[in-house]
């Protein structure tokens, strides 16, 4: 079985890798590209720990074939901060103690950032339903919801100041 | 995974040829079922034919009140078409109950239908809507009612080499609306224990002139219950009519006991949900919701 | 120095700084179990049993070994022989035989998913292909899952020759009951007969999983000279090292074990599953080997918590004073003995004054994965039984549910679960705080019900080692061997900074491998902030003693004339009275003294205190569907002193939500072949964000006088009350008893129908 060469863009940079036809994008990110920030909690799209953005849409990278990345644009947790400057969602997760073990955190941060891009002022219910595809077993979600709300407020303030 | 090759055809014809060339090929749409099955060893295609790059396969086209939805249109994409959301709120809400946002950004109604799970959320809504699908294959094209596609859990009526290319929704008469509800233990991320889709039309006086009721997860496939629709026609959806409809729904149920619910519970819920769904559809038809 | 300082005096304790490992965890840089890679590493895979109970007649691995790319194949034949010696296995203990058999079936498979062989190959795909070439000849045996089946006359016996311990006289025939534990006092039957009211109930819960999101993973490397290395994600790399080394008959010091970040454990990562298998594969292959579990493996083959069957009777006088409690329960232990019946019995007896009592727990094995500790192991199930029954008493007598508990709550000096008097416990304070909380008196709507439950967890101390070292610039390095699951690096830094009088940011915390610091027990039993904290504080105090000594020498005075305050040595006497020397000024002069300033301390404190908690839950029940919504939830807990309140609240919220999941939907569902039907997150329904309201927290602080800052463990108590709090709320919303968990919609609906 020969490998397939894939050219794609990851976090704004060109990236190339070889994969099997049936390989998941998650395995390619973690294995071939060494981007282990996206986690595998289930491999079946039920936990959201592998959430990445594919052409601007958040998806479970375990439910995408690596070959589908050809010519597309992928954004992972490793690209959320701009250099050493944390995104407000990342900073508010830290300020609110919204992580305990931290294993689900990359998926939550990618998903929360995606929410705030389409809904700058989500209420609690909207946050909870948007994040329902991300399982957290440590926090009971309370501090995650607060952190996302605070990040939304911070981003709204940044926008109105700009 | 044993899959050897991946194809991303640009035309229906190319896809048909690829599927004809490999009887063990599988069509990839959103992948949210197929990739999970491949990983679990429940599907082992020798090649994959990704239909997402075919023209119009990820589009919603409205034309004279009819809607054509590409089979690979992600569920969340339906939300971006205001006309579709207004004409078919039940279909759109059913498709947008599947999985999570992450899953719905990939999952498609075409895949939901062809996966042939009796619990598929969008299927009862499509059946209630009277939707058809355009099937493309080596023998040409044919239009088939949605309810004729699944034949048993995991099995469809599609012949070798055929695939679903479009989902078609008919013209809506005035004062028509649809709705879909499902029963799940959590609020999200569950497979329907029971699903109920209702599509109906009212006259100016508020009397129901047409109704279709469809159910999921109460039989080997999603089913339409003509007796349930008939129980609503000619009524103003008063309690007696709703009770009669619910009784028809329960009588049509042939559910199983499994990890997701007992047969007894499923039958009872089918009646409860069908009533609630009919009331939502009627309120929408009256312009109240 | 053992008296707690008044709260107002703390500079750092009680503040909420950002955790030191935070940035790595929000940017994807932190390396967890499945992320670690080492040079030359190859991939392993495990063949698992398709039968719930079977004898292994033979295993033929020859075809797998011949597959190109396969570097090693291992079966139980590669394990050394094991004795029945009992060793520590995380929060519990187990025999070496059973610890080894948990990693690889020996002669018999005891559950679906039991490991029977393993392969290491150059790729995961080749390893998995090789598994398919292994031929196992099974003699399938009848299996049992439920306690009643396991104890039935003629039931298949899992462990041949197992005689129930703890019964007098001992039974003369083997059974699936491994052990009985009983605590009794007074004449319970007479006391019940004389009670004004009694309430009885039969209760049942299903096995549930800890549900950590990170599957088990490890990398092992074992060289020809006998020395090995393990990289693991666990709650205690020292204990997992000891277990692995014991099973492999190697000296512990030959197995250097490195802790990776851990993606949740909740008790489930206190024992070994993959480690010895990876070691044996590595020795054969001559390469480092990675083994990982899939989510399905995690459900099928790693420790759930036991289900329970229980019968209870509680008696009370007319005014609600409890007279007697009689409880007998049977734990569904899974394939191996050692479920947590002791803590179950203690849970029944520690929270209330009971003139007469009898509590007996049975440890019963059956054919699913051997159960493991899960957050307050053994307690939530029993608290569900006791606190539900108490609610029945309150309703029967027409007494407010909190008043009934207040009337009978254990106070300091009252007998604890083992009749040792309670120390400075805060149950009454928690009940009063719950009563005063606006939640308790808020109005309820139709189909809504409010439940309350109280409970405690005994907590633990245990062995810990910590080192505190100063750099020449005065910055502080704290080293422990306690894996950080939920922010303990932050609490260690806070306590060190508080003790030394330095800024939080000048303290950095490392969790060292087994070659770099002395032994620490697992992170479990709510012990780390207490026990490892004591080691850190004690080591910091030793550092202060050195700083004071050296400052005195620099000031030219006796150490008694130097005071350590606010991170500096202050000269109290002599010519230089009023002068001070900062920590960096002293540390920078290490070359003038006997070398760098460093102190290590090993502790084994026994003066821990239990944590009490009270939860209030409002539910709304859809009477037509049986769906239960949690509409409001408040947790009240005696936390001793909250070192980092964010992470204390986080423990309270997370524990409450795990308990809510346990109460509402989580359960192992088995088919007739003993196969778990729901081994994935789709159908093993843990709570998602949209299922829940905000979880309100009230931290009651009744300090532990034996800890310098008053710490009591906080991690486990929050999972003990929710099962009963939710069930009591549903019972009050429906007017029907709810004595079997989970309260899934079909079960609640069926109860409503049955009552019609």
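A compact table of results
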{"item": "Positions within segment C:497-517 being within 20 Å of residue C:581 (Cβ to Cβ), over 28 Å from the mean Cα position of the chain (by Cα) and in a helix (DSSP H, G or I), in sequence order", "result": "C:499, C:500, C:506"}
{"item": "Any chance residue C:659 is surrounded by 23 or more Cβ atoms within 10 Å (Cβ to Cβ), within 11 Å of chain A (Cβ to nearest Cβ) and closer than 18 Å to residue C:203 by Cα", "result": "yes"}
{"item": "Some residue of segment C:680-689 being out of contact with any strand residue (DSSP E or B) (no Cβ under 8 Å at 6 or more places or on another chain) and under 25 Å from residue C:402 (Cα atoms)", "result": "no"}
{"item": "Residue that is farthest from residue C:125 (Cα to Cα), among those in segment B:38-52 that are more than 10 Å from chain A (Cβ to nearest Cβ) and modelled with pLDDT of 95 or more", "result": "B:51"}
{"item": "Qualifying residue in segment A:1-19 (condition: surrounded by fewer than 24 Cβ atoms within 10 Å (Cβ to Cβ) and facing chain C (nearest Cβ under 10 Å))", "result": "yes"}
{"item": "From the options A:41, A:83, residue that is within 12 Å of chain C (Cβ to nearest Cβ), closer than 29 Å to residue A:144 by Cα, out of contact with any helix residue (DSSP H, G or I) (no Cβ under 6 Å at 6 or more places or on another chain) and surrounded by 23 or more Cβ atoms within 10 Å (Cβ to Cβ)", "result": "A:41"}
{"item": "Filter pass, residue B:235 being within 14 Å of chain A (Cβ to nearest Cβ), farther than 30 Å from residue B:19 by Cβ and assigned to a loop (DSSP other than H, G, I, E, B)", "result": "no"}
{"item": "Residue satisfying condition, being in a strand (DSSP E or B) and farther than 30 Å from residue C:167 by Cβ, within set C:234, C:200, C:221, C:253", "result": "C:221"}
{"item": "Residue among C:678, C:673 that is over 23 Å from the mean Cα position of the chain (by Cα) and at the interface with another protein chain (Cβ under 8 Å from one of its Cβ atoms)", "result": "C:678"}
{"item": "Any hit, segment A:113-120, residues being in contact with a strand residue (DSSP E or B) (Cβ under 9 Å, 6 or more places away or on another chain) and within 11 Å of chain B (Cβ to nearest Cβ)", "result": "yes"}
{"item": "Positions within segment C:109-144 being assigned to a strand (DSSP E or B) and surrounded by fewer than 20 Cβ atoms within 10 Å (Cβ to Cβ), in sequence order", "result": "C:135, C:137, C:138, C:139, C:140"}
{"item": "Strands (runs of 3 or more DSSP E) within segment B:158-204 that include 3 or more residues within 14 Å of another protein chain (Cβ to nearest Cβ)", "result": "B:176-183, B:194-202"}
{"item": "Scope segment C:40-69; condition over 30 Å from residue C:677 (Cα atoms) and within 14 Å of another protein chain (Cβ to nearest Cβ); matching residues", "result": "C:41, C:42, C:68, C:69"}
{"item": "Meets criteria (within 8 Å of another protein chain (Cβ to nearest Cβ) and buried (at least 24 other Cβ atoms within 10 Å of the Cβ)) for residue C:653", "result": "yes"}
{"item": "Condition met for residue C:418 (modelled with pLDDT of 95 or more and either under 16 Å from residue C:343 (Cβ atoms) or out of contact with any helix residue (DSSP H, G or I) (no Cβ under 8 Å at 6 or more places or on another chain) (or both))", "result": "no"}
{"item": "Residues located in segment A:133-147, provided they are part of a helix (DSSP H, G or I) and more than 14 Å from the chain's Cα centre (by Cα)", "result": "A:142, A:143, A:144, A:145, A:146, A:147"}
{"item": "First in segment C:122-140 and away from chain A (no Cβ under 14 Å), second anywhere and surrounded by fewer than 18 Cβ atoms within 10 Å (Cβ to Cβ) and in a helix (DSSP H, G or I), Cβ under 6 Å, 6 or more apart", "result": "C:133/C:63"}
{"item": "Odd one out for residue C:271 among (1) in contact with a strand residue (DSSP E or B) (Cβ under 6 Å, 6 or more places away or on another chain); (2) at positive phi", "result": "(2)"}
{"item": "Residue in segment C:388-411 that is under 30 Å from residue C:304 (Cα atoms), at pLDDT 95 or above and assigned to a strand (DSSP E or B) present", "result": "no"}
{"item": "Of all residues in segment C:289-330 being more than 29 Å from the chain's Cα centre (by Cα) and assigned to a loop (DSSP other than H, G, I, E, B), the one that is nearest to the other protein chains (Cβ to nearest Cβ)", "result": "C:320"}
{"item": "Output for segment B:125-157, where each listed residue is exposed (fewer than 15 other Cβ atoms within 10 Å of the Cβ) and part of a helix (DSSP H, G or I)", "result": "B:148"}
{"item": "Counted residues, segment C:34-64 - those being outside any loop (DSSP other than H, G, I, E, B) and either within 35 Å of the chain's Cα centre (by Cα) or touching a residue at least 60 places away in the same chain (Cβ under 8 Å) (or both)", "result": "18"}
{"item": "The listed residue being assigned to a helix (DSSP H, G or I), more than 11 Å from every other protein chain (Cβ to nearest Cβ), farther than 24 Å from residue B:277 by Cα and in contact with a strand residue (DSSP E or B) (Cβ under 6 Å, 6 or more places away or on another chain), out of B:56, B:72, B:15", "result": "B:15"}
{"item": "Whichever residue in segment B:33-46 is in contact with a strand residue (DSSP E or B) (Cβ under 8 Å, 6 or more places away or on another chain), buried (at least 19 other Cβ atoms within 10 Å of the Cβ) and touching a residue at least 24 places away in the same chain (Cβ under 8 Å) and, among such residues, is nearest to residue B:133 (Cα to Cα)", "result": "B:34"}
{"item": "Selected residue [crowded, with 23+ Cβ neighbours inside 10 Å and out of contact with any strand residue (DSSP E or B) (no Cβ under 9 Å at 6 or more places or on another chain)] from B:96, B:112", "result": "B:112"}
{"item": "From C:333, C:359, residue being closer than 21 Å to residue C:267 by Cα, assigned to a strand (DSSP E or B) and in contact (Cβ under 8 Å) with a residue 24 or more places away in the chain", "result": "C:333"}
{"item": "Tally, over segment B:98-119, of residues that are within 11 Å of chain A (Cβ to nearest Cβ) and touching a residue at least 12 places away in the same chain (Cβ under 8 Å)", "result": "9"}
{"item": "Options A:52, A:59; residue that is in a strand (DSSP E or B), surrounded by 24 or more Cβ atoms within 10 Å (Cβ to Cβ), in contact with a helix residue (DSSP H, G or I) (Cβ under 9 Å, 6 or more places away or on another chain) and within 13 Å of chain C (Cβ to nearest Cβ)", "result": "A:52"}
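The values are calculated or read from the model by the stated rules, or taken from the named source; none is laboratory data. Computed from a prediction, not measured in an experiment: that's the story for all the values here. Positions of Cβ are generated from backbone atoms using ideal geometry, with glycine treated the same way; all protein chains shown enter the neighbour counts.
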